[in-house]
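Remarks on the structure that follows.
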Amino acid sequence: RNLKNYQKAIEESQKAIDAFPNVKPSDKGTFGLVVVCYHTIAKSYKALEDLKKAEETYQTIIDRFPNTKVAQIAHERIRELRFKP
């Protein structure tokens, strides 16, 4: 694994998220982009074996977009991180 690639993915994804600080689920295309970026960050942290930061990233999705399908998926991902066999 190339650790620099994961770090770069985190940095670039965070830049995209920061570009749309007030995105809402009704902003279809932009919302999708931001959600994908959050998932990229979480998966990158998981690959780097930083499960705490991966979980924090999924929690951010839940906090920013409560009562959405993406929040439900983030809850599932947190459960997977916590209860991985």
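Taking the criterion of being of a type outside the set (A, V, I, L, M, F, W, C), more than 16 Å from residue 18 (Cα to Cα) and part of a helix (DSSP H, G or I), the residues of the stretch 39-55 that qualify are 43, 44, 45, 46, 52, 53, 55.
Kindly establish whether residue 31 is surrounded by 13 or more Cβ atoms within 10 Å (Cβ to Cβ), part of a helix (DSSP H, G or I), free of Cβ contacts under 8 Å to residues at least 40 places away in the same chain and of a type in the set (Phe, Trp, Tyr). So residue 31 fits the description; yes.
Limited to the stretch 57-85, what total is found for residues that are of a type in the set (D, E, K, R) and touching a helix residue (DSSP H, G or I) at 6+ places or on another chain (Cβ under 8 Å)?
At the first step, the residues of the stretch 57-85 found to be of a type in the set (D, E, K, R) are 63-64, 69, 76-77, 79-80, 82, 84.
Those left that are additionally touching a helix residue (DSSP H, G or I) at 6+ places or on another chain (Cβ under 8 Å): 77, 82.
Of the residues in that region, 2 qualify.
Taking the condition among the aliphatic types (A, V, I, L, M), in a helix (DSSP H, G or I), under 14 Å from the mean Cα position of the chain (by Cα) and surrounded by 19 or more Cβ atoms within 10 Å (Cβ to Cβ), does residue 10 pass? In short, yes. Within the stretch 1-53, the only residue that satisfies the criterion of being in contact with a Leu (Cβ under 6 Å, 6 or more places away or on another chain) and not hydroxyl-bearing (Ser, Thr, Tyr) is 51. Residues that are modelled with pLDDT of 95 or more, assigned to a loop (DSSP other than H, G, I, E, B) and of a type outside the set (Lys, Arg) occur in the stretch 56-65; there is at least one.
The values are calculated or read from the model by the stated rules, or taken from the named source; none is laboratory data. Quantities reported herein were computed from a predicted structural model and do not represent experimental measurements. Every residue, glycine among them, receives a Cβ derived from its backbone with ideal geometry; neighbour counts consider all protein chains shown.
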